[in-house]
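The values are calculated or read from the model by the stated rules, or taken from the named source; none is laboratory data. Computed from a predicted structure; not experimentally measured. All Cβ positions, even for glycine, are placed from backbone atoms using ideal geometry, and neighbour counts span all protein chains on display. Just so you know, the surface numbers come from the protein's heavy atoms only, side chains and all, with ligands and any DNA or RNA stripped out. Shrake-Rupley method; radii C 1.70, N 1.55, O 1.52, S 1.80 Å.
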Amino acid sequence: MLKAHHRCYLAAFLLDFAVSSGFTAFPFFIFDHLGGDARMSGWISAIQSACYGAVCILSSTFVGRARNGLIWAQIGSLGYALIFPAAILFRNPIIIAAMTIAGVTCMALFWPALQSWIGSVPDLRLRSRRIAHYNISWSLGLATSPLLAGPLYDMHYSLPFVLVFVSALLSFALVMSLPHELSYFGAATPEDLSSRAEHTAISEAHLHCTWLASFVGWAMVGVMRSVFPKRVHELAANHDLVVLFGSMSWERLNLGPATQTSWLILMLYASRVITTLDMGHRHTWHHKFRILVVWQIAAALAFLGLGISHSLFVMAICCLIIGANGAVSFFASLYYSVANPAFRHGRTAIHEGMVGVGGFVGSVAFGELASRLGTSWPFVYTPVFVAVCLAGQWLLFRRGMERLHRSQSELGDSDSSRNWT
């Protein structure tokens, strides 16, 4: 039988496989069966993300109190399996929105619990590798399912939702098999805590700015799943979509827009996997704020490219960059959130809440702008949004470092002036 942490990886893979299948097919279900547009897709996706983020943040006050935090993951995976795919049985937009929102909200209980469990590894280097493998697992679920969900939707709209149900149910069964974290990892000893004190303190200084960076990364992901499909849909309908700088027309591909969009989203998630793997086996990125800045600037320019290009090749390159940025910010946020064992449960809930809040802001703002001003407009002006968020991150980073330096000065630490940027 698989080891417990391997079952955790597989459970994460299967649930995000289910989630990505649903998110790939759902916008096209709105366009084709509800007569909706980018605004409807954006608002439903935004409310899903808002409720997800709100429940994550609220749960930070109680998730750590359960004798076995995995009970929340069990409730979350089962709830998603039963509620989200059943929404397509109806044709009322309000009922469909309510059911998909309820299904997505269930995940707010799943992910913080699983992240806290895998973040219980006492050894820092082993923890980094385990978190990397965990992130790779769910990223692979996100990356591979659109490749199947898109063609399945083009065959029959219900097939991706059947896939959602089966995958999420299997994830529930795997979570049920996981042992309590203390019995599997053991508790950290006072010696462990003492040896990690400096690392924990520096991680605390970087925590809040990486939460905001993760918010930015997931705002972009929210746009990619809710608004970007409409841009591809429109370009295909107007015969403006080309493969490579006009050298091959869309018609010669003989593929539906759902399938082609799924390939582009595959690029985004595949990039997340590769970047996460690299981060898990390197430690040079630890406590380096500038790395977050560079990747967010690159992702902002990639969004600009999505707004002005009609080339699938260029769009694929942009998706690779956006995916890498999402991996960098999410990995850093999760790594720093589990650094302090005393606050691990609550902070993973807040960390995951930034995923939902980011998805909400991205989907609402970009959905409205796309509906009012055209699908290219919000992509073109994304660098302005990122610049504002980077200013906020810099302020949070400086405040964190000031707190660190004050605490080190109080302890008489001779290295208090060390530059960790």
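Principal-axis analysis of the Cα atoms of the chain puts helix 70-83 at an angle of about 10° to the longest axis.
Accessible surface for HIS405 stands near 60 Å², nearest 10, in the context of the full protein assembly shown (1.4 Å probe). In a DSSP loop and with at most 16 other Cβ atoms within 10 Å, the trypsin sites (Lys or Arg not before Pro) in the stretch 284-358 are LYS288. In the chain, a dipole from Cβ-located charges (positive for Lys and Arg, negative for Asp and Glu) runs towards its positive end, and of ILE57, MET267, SER371 it is ILE57 whose Cα lies farthest in that direction.
Counting only Cβ charges, +1 for Lys and Arg and -1 for Asp and Glu, the dipole size of the chain around its Cα centre is about 380 debye. Highest mobility in the GNM of the chain, judged by mean-square fluctuation with C-alpha springs under 10 Å and restricted to ALA102, ALA342, ALA86, is found for ALA342.
Rounded if a/c is under 1.5, else prolate if a/b beats b/c, else oblate: with a ≥ b ≥ c from the C-alpha gyration tensor eigenvalues square-rooted, which is the stretch 39-81? Because a/c hits 1.5 or more and a/b fails to exceed b/c, the stretch 39-81 counts as oblate. Computed over the stretch 66-146, the P(r) curve from all C-alpha pair distances, binned at 10 Å from the origin, holds 17, 35, 32, 12, 3, 0 percent per bin. Each Cα pair under 8 Å and six or more residues apart adds its separation to the average, and for the chain the resulting relative contact order is 28 percent.
When the solvent-accessible area of the chain is split by element, carbon and sulfur atoms take up 67 percent of it, the probe being 1.4 Å.
Counting every pair of alpha carbons in the chain, the share spaced more than 34 Å apart comes to 28 percent. Once both axes come from the Cα atoms, what is the angle between helix 382-410 and the longest principal axis of the chain, in degrees from 0 to 90, rounded to 10? The helix 382-410 is inclined about 10 degrees to the chain.
Only protein heavy atoms count here; on that basis, with a 1.4 Å probe, PHE62 has an accessible area of about 70 Å².
Among VAL355, VAL388, VAL232, which one shows the highest mean-square fluctuation when the chain is modelled as a Gaussian network with alpha-carbon springs under 10 Å? Greatest mean-square fluctuation among the candidates belongs to VAL388. Using a ≥ b ≥ c from the Cα gyration tensor of the stretch 271-421 (square roots of the eigenvalues), is it rounded, prolate or oblate, where a/c under 1.5 gives rounded and otherwise the larger of a/b and b/c decides, a/b for prolate? Since a/c reaches 1.5 and a/b is larger than b/c, the shape of the stretch 271-421 is classed as prolate. Normalised by the number of residues in the stretch 280-367, the mean separation of alpha-carbon contacts (under 8 Å, six or more apart) gives a relative contact order of 21 percent. Rounded, prolate or oblate, given the Cα gyration tensor of the stretch 322-374, with a/c below 1.5 counting as rounded? Oblate is the answer for the stretch 322-374, as a/c is 1.5 or above yet b/c matches or exceeds a/b.
Report summary: the helix-based calculation at 222 nm, which adds -39500 (n - 2.57) for every DSSP H run with n ≥ 4 and divides by the residues of the chain, gives -26500 deg cm²/dmol. Residues considered: LEU147, LEU15, LEU235. Largest GNM mean-square fluctuation over the chain, using C-alpha springs under 10 Å, is found at LEU235. Once the Cα atoms are used to define both axes, helix 197-226 deviates from the longest principal axis of the chain by about 10 degrees.
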